[in-house]
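Engineer: Dumping the structure here so I can ask a few things about it.
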Amino acid sequence: MVKDKLEEIRQKALASIEEAKDQDSLNEVRVKVFGKKGEFTQVQKGMKDVAPEDRPKVGAMINEARAAIEEKMTEAREKMQQKALEERLKHETIDVTLPAKKNKIGHRHPNTIALDEVEKIFIGMGFDVVEGPEIEKDYYNFEALNIPANHPAKDEQDTFYINKDILLRTQTSPVQVRQMEAKKPPIRMIAPGRVFRADEVDATHSPSFHQIEGMVIDKGITFSDLKGTLEMFVHKLFGEDTKVKFRPHHFPFTEPSAEMDVSCFKCGGKGCRFCKGEGWIEILGCGMVHPKVLRMSGIDPDVYSGFAFGVGLERIALLKYEIDDMRLLYENDIRFLSQF
Ligand code: DAH
């Protein structure tokens, strides 16, 4: 009697488990069979009516049926979990053959590219790259460069004064003096850096821009050394065919002084829009370091001589990359910058 009942419950339960589509329906089967009012539970409750001598046998039958149903349930649950996992993995697959996400990094500024190139050229000729302060003493910026108070050159280089003695440097030339004070000749240096002037912003002016100063001090340095060095410099920078021309000029800290022009690297000197029909482009100021400047910096002009030059970094960048408005260099627009 009990045996038949058990067999019936077991067959029904196994069939329902077989049909169960998900964990919920599996749970429903569990409740229906093993729940408080479940079919199986009813049979277990009926044990008290079983004759004592039959109880071990019936008990064994109940246990066996329970084990069989539970085993089937566990099996079904594990199958469902496995299937769910497979489904999930199908959606979460990572395609390792897809191209990687690009990391957008910035771009080197045309000034930086140009400066790196200039530095490389001078380092190749044995120059050191040095720096000086942007906030400078009036003494180094003017006085020690043979520009005394009330000198008209001070007017051309109006700047921002912190107080009477301290200002934002108008040129990198004060680094010449600082180097001569700090070192014994021979000195071969370039000094790139930021300079300041009280200028209105336009296509060719900015209150803050950059220069590269250069200086060589040793025994027996002549104007030929200046010419040879600067000619080599522009050959490397603008191409071997570049010609140079020196025009007499005046700077208080050099004697003699000159401005150097290079043949237009766009038209080769014939004259074009780029060189405004001149065939020549002015690129730097230079000269032999003034004996007074040497003496003030503690160097004996009877033993040593030297040359110096100063070039605008923006000017080189604008020329080299054919940019016609300096303001573009300061806007930091990545669409502009990434063209160089
Ligand atoms: N310091 C000058 C300027 O800003 C440029 C210059 C000219 C530098 C001649 C020099 C030099 O070293 O010899 O206009």
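Engineer: Cut-off 10 angstrom, C-alpha nodes, Gaussian network model of the chain. Which of Glu181, Glu18, Glu156 fluctuates the most?
Structural biologist: Comparing Glu181, Glu18, Glu156 in a Gaussian network model of the chain, the most mobile one is Glu18.
Engineer: Going by Cα centres, region 22-94 and region 239-256 are how many Å apart?
Structural biologist: Region 22-94 and region 239-256 have Cα centres spaced 101 Å from each other.
Engineer: So for region 163-233, considering every pair of alpha-carbon atoms, how many percent are separated by more than 14 Å? If you can, show how the numbers build up before the last one.
Structural biologist: Details: 1698 of 2485 pairs.
Result: 68 percent of Cα pairs exceed 14 Å.
Engineer: Same structure again: Quote to one decimal, in nm, the extra length available between His205 and Val96 on full extension: 0.36 nm per residue of separation minus the C-alpha distance between them.
Structural biologist: Numbers: separation 109, 0.36 × 109 = 39.24 nm, distance 5.22 nm.
Fully extending the segment from His205 to Val96 adds 34.0 nm.
Engineer: Just flag the trypsin sites (Lys or Arg not before Pro) in region 51-103 sitting in loop per DSSP whose Cβ has no more than 14 other Cβ atoms within 10 Å.
Structural biologist: Numbers: sites: Lys57, Arg66, Lys72, Arg77, Lys79, Lys83, Arg88, Lys90, Lys101, Lys102; in loops: Lys101, Lys102.
For trypsin sites (Lys or Arg not before Pro) across region 51-103 that sit outside H, G, I, E and B with at most 14 neighbouring Cβ atoms in 10 Å, the list reads Lys101, Lys102.
Engineer: Shifting gears a bit: Report the calculated FRET efficiency for Ser25 and Ser338 (r = Cβ-Cβ distance, R0 = 45 Å), to the nearest 0.05. Walk me through the numbers on the way to the answer.
Structural biologist: Working: r = 61 Å, r/R0 = 1.35.
Plugging the Cβ-Cβ distance into 1/(1 + (r/R0)^6) gives 0.15.
Engineer: Enter the Cα centre distance for the pair region 262-340 and region 168-188, rounded to the nearest angstrom.
Structural biologist: So the separation of the two Cα centres works out to 19 Å.
Engineer: Using label points projected 7 Å from each Cα along Cα→Cβ, tell me how many nm separate Lys37 and Glu181, to one decimal.
Structural biologist: Between Lys37 and Glu181, the simple spin-label model gives 10.3 nm.
Engineer: Counting only heavy atoms of the protein chains, get the accessible area per residue of the chain (1.4 Å probe) and round it to a whole Å² value.
Structural biologist: On the way: 20190 Å² over 340 residues.
Here the residues of the chain average 59 Å² of exposed surface.
Engineer: Something else about it: Using a Förster distance of 35 Å, how high is the FRET efficiency between Glu71 and Ala51, based on the Cβ-Cβ distance and rounded to 0.05? Please report the intermediate quantities before stating the final value.
Structural biologist: On the way: r = 30 Å, r/R0 = 0.84.
Calculated value: 0.75.
Engineer: At a Förster distance of 56 Å, what's the computed FRET efficiency of Gln82 paired with His235, Cβ-Cβ distance as r, to 0.05?
Structural biologist: E(calc), rounded to 0.05, equals 0.15.
Engineer: Next question, about the same structure. Take the alpha carbon gyration tensor of region 276-340, find the square roots of its eigenvalues, order them as a ≥ b ≥ c, and report rounded if a/c is under 1.5; if not, report prolate when a/b exceeds b/c, else oblate.
Structural biologist: Numbers: a/c = 4.67, a/b = 2.39, b/c = 1.95.
Verdict is prolate for region 276-340.
Engineer: Can you tell me how much longer the chain between Lys104 and Thr222 gets when fully stretched, taken as 0.36 nm per residue apart minus their C-alpha distance, in nm with one decimal?
Structural biologist: Numbers: separation 118, 0.36 × 118 = 42.48 nm, distance 5.01 nm.
Separation in residues times 0.36 nm, less the Cα-Cα distance, equals 37.5 nm.
Engineer: What is the Cα coordinate range of region 92-240 on the first, second and third principal axes, sorted by size from largest, in whole angstrom?
Structural biologist: 77, 39, 31
Engineer: Beta carbons within 10 angstrom, averaged per residue: use that to sort the peptides 117-123, 314-320, highest first. Intermediate results must be reported in sequence, preceding the final value.
Structural biologist: On the way: 117-123: 15.9, 314-320: 20.4.
Highest to lowest by the protection proxy: 314-320, 117-123.
Engineer: Sticking with this one: Please state the Cα pair-distance histogram of region 1-142 with 5 angstrom bins from zero: what percent is in each bin?
Structural biologist: 2, 7, 11, 10, 8, 6, 5, 4, 3, 3, 3, 3, 3, 3, 3, 3, 4, 4, 4, 4, 3, 2, 1, 0, 0
Engineer: Name the residues whose placed amide hydrogens come within less than 5 Å of the amide hydrogen of His210, ignoring near sequence neighbours (fewer than 5 apart) on the same chain.
Structural biologist: Val195, Leu313, Glu314
Engineer: Using the Karplus curve 6.51 cos²θ - 1.76 cosθ + 1.60 with θ = phi - 60°, what ³J(HN,Hα) values do you get for each residue of region 131-146, in whole Hz, with x for Gly and Pro?
Structural biologist: Computed from phi, the couplings for region 131-146 are 9, x, x, 7, 8, 10, 7, 3, 4, 6, 6, 10, 3, 6, 9, 6 Hz.
Engineer: Label points 7 Å out from Cα along the Cβ direction at Asp158 and Val129: separation in nm?
Structural biologist: It is 3.5 nm.
Engineer: Just checking the chain: which Cys have no other cysteine's beta-carbon under 4.7 Å?
Structural biologist: When partners are defined as cysteine Cβ atoms under 4.7 Å apart, the chain leaves Cys286 without one.
Engineer: What is the ratio of the Cα radius of gyration of region 15-81 to 2.2 N^0.38 Å, with N the residue count, to two decimals? Could you put the intermediate results ahead of the total?
Structural biologist: Working: Rg = 13.8 Å, N = 67, 2.2 N^0.38 = 10.9 Å.
Expressed relative to 2.2 N^0.38 Å, the Cα Rg reads 1.27.
Engineer: Per the Kirkwood formula on distinct C-alpha pairs, the Rh of region 115-163 is how many angstrom? Spell out each step's value before the answer.
Structural biologist: Details: mean 1/r = 0.0753 Å⁻¹.
After inverting the pairwise mean of 1/r, the radius is 13.3 Å.
Engineer: Grab the Cα-Cα distance for Arg273 and Glu331, subtract it from 0.36 nm times how many residues apart they are, and report the gain in nm with one decimal. Intermediate results must be reported in sequence, preceding the final value.
Structural biologist: Numbers: separation 58, 0.36 × 58 = 20.88 nm, distance 2.54 nm.
Once the chain is fully extended between Arg273 and Glu331, it gains 18.3 nm.
Engineer: Express the Stokes-Einstein translational diffusion coefficient of the chain in µm² s⁻¹, to the nearest whole number, given a Kirkwood radius over alpha-carbon pairs, 25 °C and a viscosity of 0.890 mPa s.
Structural biologist: Values: Rh = 27.1 Å.
For these conditions, the coefficient is 91 µm²/s.
The values are calculated or read from the model by the stated rules, or taken from the named source; none is laboratory data. A quick note: this is a predicted structure, and the numbers were derived from the prediction, not measured. Here the Cβ is made from the backbone with ideal geometry for all residues, glycine too, and neighbour counts use every protein chain on show. Quick note on the areas: whole protein, heavy atoms, side chains included, nothing else; ligands and nucleic acids left out. Shrake-Rupley method; radii C 1.70, N 1.55, O 1.52, S 1.80 Å.
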